[in-house]
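Written out below as structure tokens is the structure these notes cover.
The values are calculated or read from the model by the stated rules, or taken from the named source; none is laboratory data. Note that the coordinates shown come from a computational prediction; the quantities given were computed from them, not determined experimentally. Quick reminder, even Gly has a Cβ in these numbers, built from the backbone with ideal geometry, and neighbours come from all protein chains shown. Heavy atoms of the whole protein, side chains included, go into the accessibility calculation; ligands, DNA and RNA do not. Shrake-Rupley method; radii C 1.70, N 1.55, O 1.52, S 1.80 Å.
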Amino acid sequence: MLYRHSDEMVTQQIEKMRGGQGVATVKHLLNPDEMLGKGRLFAQNTLPPGASIGLHRHQGDIEVYYMLSGSGVYRNNDQSFAIAAGDLTQVDDQNQHSIENTGDVPLVFIALILFTDAAK
């Protein structure tokens, strides 16, 4: 059984995350050792207006974003998509992605990174 109060979760402020702009807030919902060897990140990310997570490649894992609030632009390789609350994205192994808040309010989303079979 796991119960963790919100203020007990590790929260990081990361400037220019993955070469992006501004400061991203990453609130770790699970620690990597709580993911049973299946992944390395389960977190709530917040990007203030104008902030972004820069383009980066995934190797040995996939990453899913689920948008909770706000809006922005998601890039997967050479494609761009307008995103908003309720949308879901996934970058596959050996592909790259980025996300940018182009709205006027914080872009809040859940990020989940799971290992692929190649990572085992």
Original post:
Just checking, which of 105, 26 is surrounded by fewer than 17 Cβ atoms within 10 Å (Cβ to Cβ), of a type outside the set (Asp, Glu) and at pLDDT 95 or above?
Top reply: 105
**OP:** Return a yes/no flag: does the stretch 107-117 have any residue that is of a type in the set (Asp, Glu) and part of a strand (DSSP E or B).
**Re:** no
**OP:** Sort out which residues of the stretch 61-89 are surrounded by 14 or more Cβ atoms within 10 Å (Cβ to Cβ) and more than 12 Å from the chain's Cα centre (by Cα), and write them in order of number.
**Re:** 61, 69, 70, 71, 72, 73, 75, 76, 83, 87
**OP:** Tell me which residues, restricted to the stretch 29-60, are in a loop (DSSP other than H, G, I, E, B), of a type in the set (A, V, I, L, M, F, W, C), out of contact with any Phe, Trp or Tyr (no Cβ under 7 Å at 6 or more places or on another chain) and open to solvent by less than 50 Å² (accessible area, probe 1.4 Å).
**Re:** 51
